[in-house]
Amino acid sequence: MQEESNSKILESMDFSYEQLVNLKAALDKTSIVAVTDRKGQIMMVNDQFCEISKYSREELIGQDHRVLNSGFHPKSFFKEMWRAIGLGQTWHGEICNRAKDGSLYWVKTTIVPFLGENKIPNQYISIRTDITAQKNIKKIAHIAYHDDLTGLPNRRNLTKRLENEIANAMRTKTPFALFFFDINRFKNINDSLGHKVGDLFLKELSARFRGIDIQTNSFYRVNGDEFVYVLEDVSLIDEMAEKILDVCMNSFIFDTYEFYASISLGISVYPAHGDSAAKLLKTANVAMNAAKVKNGNSYNVYKKEMRGTNDQFLRLETKLHKALRENAFELYYEPKYNLQTNELIGAEALIQWVDEEIGTMMQEQLIPFAEQCGLIHDIGSWVIRNAVKQLQQWQPIVSPQFKISVNVSTSHINENDFIDQLKTILEETNLNPNQLELEISEMSMLDCSAELIEKIQELNTLGIEISIDDFGTGYSPLSYLREVAVTSLKIDHSFTQDLNLVPANAKMVSSIISLAHALGLQVVAEGVANGEDLAILKELKCEFVQGFYLSAPLSKDEFADYMKSKV
């Protein structure tokens, strides 16, 4: 908007080159400015132009803008631009340029021609603003919400869709259907033909799904060979079920391989078969398993008499209540390092539940299940209390700057007594609040409220730091980063892996780090798995790291020994 406003001012003024110089001085503080002659040779650039292009003024004067050409745009793009400005018309557009160091950047551009006495342009002024961050965030958002193999919306996208569908259905009293299906014997395809063919098969299958999609973004790949379809018009259940099964009517051909596949499909309907996303997925899954009994292409609509709906869930919920009463959880601690100094500066506390019957349930499974059971606040309090107590016991062997990080839900923070309980825990343990860090998932910031902002500010005033966890996966509005008292961003492990092998990952991580530093925030990279990734993160000026390459999560005793070994 800024450069459009500037361009309107320029178009409405009748000014000389000398006046242009004066105007340039005023624009220097807000825009990237260049002046070229009628052939496009650069006559003048401002400091911001040099800063973003990485070229000095001496290197740019006398050149044309081809020195910045990134190769992103076709020749027709610039041909149309020159046609417009050659006719004396103002041109607006977004251009991807390449800086001297090889990095790409995006600028929103307005080019205004200045006409001589013969009404032919003899000079051009270009006014640009840097929109690289917005472009990168859009890429991150797409990746966060779409499956990288098939391009279909992913589970995270599905969760948001179901939340919206349930809200609409509650308001309009209109049911909708959820289809859950997988590929029969998909493992045989991978094992016998190889994962390359398996991937090609999933891509082709997804393309066939798109061909029968009567709604936008209605098919989702949620895991491996598992897919979900959301149907708003329940009168079309049988018709759409047949269409989905029919995508396997024709064979699949890849290289020298030709084979057929089949689908087992289960269907649940809101609200008859579940009043939440979790319940709808569960009942649809039960119906799908019933369909598998039939063999081949088949589908089933959920019926209450189908086995396996609620018994296991209720059994696990009962066990979880008992584990909470009996203090049966354990905390493990994942070391966190200052990447630039190699100093051990803290640890993330991770809850784990070991049950004789069900085995070990790690934090990534336990927390979502606790949310479904309504126990997330109780378990969150248990983790905070025990992590803080443990750090208090470690005080003789840690530095005063050592921090313990704990994951906490925004709904827990919003509880009326959350801050009072936290103060009580800190007072009982005599722990400095500066040694506690609370991690909030980026996904939960999608619904950032004024109440939450106020609570986080109060926590910050106490000296407790706030970190945004899983950053890059939630695509929450970036405005909250200016409003919320956040100290660091924690890049999700899905972006920090294979940085040396996947250039897109390195570019995204670089963008996130640049965004964080521009906002005065520090960056933590989680899930670091090898030395190559560690070296790249260090080069990108990432402050903190954690992951299995440095250390697996450790029990309290193992962590104490680990810290002593670092002294």
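The values are calculated or read from the model by the stated rules, or taken from the named source; none is laboratory data. Note that the coordinates shown come from a computational prediction; the quantities given were computed from them, not determined experimentally. Cβ sites come from the backbone with ideal geometry, for glycine too, and all protein chains shown count toward neighbours. Remember, those area values only see protein heavy atoms, side chains included, never the ligands or the DNA or RNA. Shrake-Rupley method; radii C 1.70, N 1.55, O 1.52, S 1.80 Å.
Scanning the range 263-288 for residues that are in a helix (DSSP H, G or I) and without any contact (Cβ under 8 Å) to a residue 24 or more places away in the chain yields K279, V286.
Within the range 243-269, work out how many residues are farther than 16 Å from G198 by Cβ and surrounded by 13 or more Cβ atoms within 10 Å (Cβ to Cβ).
Residues in the range 243-269 being farther than 16 Å from G198 by Cβ and surrounded by 13 or more Cβ atoms within 10 Å (Cβ to Cβ): 11 in total.
Output the residues belonging to the range 140-164 that are open to solvent by 20 Å² or more (accessible area, probe 1.4 Å), of a type in the set (V, I, T) and modelled with pLDDT under 85. Residue satisfying the conditions is I143 alone.
Quick grid of which residues meet (1) under 23 Å from N300 (Cα atoms); (2) modelled with pLDDT under 90; (3) among the hydrophobic types (A, V, I, L, M, F, W, C):
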| residue | (1), (2), (3) |
| --- | --- |
| I166 | yes, no, yes |
| D182 | yes, no, no |
| K187 | yes, yes, no |
| N190 | no, yes, no |
| F201 | no, no, yes |
| S206 | yes, no, no |
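Look at the range 69-101 and say how many of its residues are farther than 24 Å from K54 by Cα and in contact with a strand residue (DSSP E or B) (Cβ under 7 Å, 6 or more places away or on another chain). So the answer is 7.
Of the numbered conditions (1) in contact with a Ser or Thr (Cβ under 8 Å, 6 or more places away or on another chain); (2) free of Cβ contacts under 8 Å to residues at least 60 places away in the same chain, F418 satisfies every one except a single condition; which is it? Unmet condition: (1). Filtering S268, S276, S262, S251 for residues that are touching an Asp or Glu at 6+ places or on another chain (Cβ under 7 Å) and among the small types (G, A, S) leaves a single hit, S251.
Would you confirm, using the coordinates I've provided, whether R128 is of a type outside the set (V, I, T), over 26 Å from the mean Cα position of the chain (by Cα) and open to solvent by less than 30 Å² (accessible area, probe 1.4 Å)? The answer is yes for R128. Looking only at the range 463-479, which residues are touching a strand residue (DSSP E or B) at 6+ places or on another chain (Cβ under 9 Å) and either within 24 Å of I536 (Cβ to Cβ) or at pLDDT below 85 (or both)? Matches in the range 463-479: S467, I468, D469, D470, F471, G472, T473, G474, S476. Within the range 212-242, if we keep just the residues that are among the small types (G, A, S) and either in contact with a strand residue (DSSP E or B) (Cβ under 7 Å, 6 or more places away or on another chain) or without any contact (Cβ under 8 Å) to a residue 24 or more places away in the chain (or both), the residue that is most open to solvent (accessible area, probe 1.4 Å) turns out to be S235.
Might you check whether a residue that is in contact (Cβ under 8 Å) with a residue 40 or more places away in the chain, open to solvent by less than 30 Å² (accessible area, probe 1.4 Å), more than 14 Å from Y220 (Cβ to Cβ) and part of a strand (DSSP E or B) occurs anywhere in the range 178-198? Checking the range 178-198: at least one residue is in contact (Cβ under 8 Å) with a residue 40 or more places away in the chain, open to solvent by less than 30 Å² (accessible area, probe 1.4 Å), more than 14 Å from Y220 (Cβ to Cβ) and part of a strand (DSSP E or B). Here the strands (runs of 3 or more DSSP E) wholly within the range 328-446 that include at least 2 residues being modelled with pLDDT of 95 or more and touching a strand residue (DSSP E or B) at 6+ places or on another chain (Cβ under 9 Å) are 329-338, 343-355, 403-407, 436-441.
Tallying residues that are assigned to a helix (DSSP H, G or I), of a type outside the set (G, A, S) and either in contact (Cβ under 8 Å) with a residue 24 or more places away in the chain or open to solvent by less than 70 Å² (accessible area, probe 1.4 Å) (or both) within the range 30-81 yields 12. Would you confirm whether any residue within the range 88-97 is among the acidic types (D, E), over 26 Å from the mean Cα position of the chain (by Cα) and either modelled with pLDDT of 90 or more or at negative phi (or both)? For the range 88-97, residues among the acidic types (D, E), over 26 Å from the mean Cα position of the chain (by Cα) and either modelled with pLDDT of 90 or more or at negative phi (or both): absent. When the test is whether a residue is in contact with a Cys (Cβ under 7 Å, 6 or more places away or on another chain) and at pLDDT 90 or above, A552 does not pass it.
For N190, indicate whether it is closer than 30 Å to D238 by Cα and over 22 Å from the mean Cα position of the chain (by Cα). Answer is no for this residue. Among the residues examined, S235 does not qualify as more than 22 Å from T159 (Cα to Cα), assigned to a helix (DSSP H, G or I), at pLDDT below 90 and polar (S, T, N, Q).
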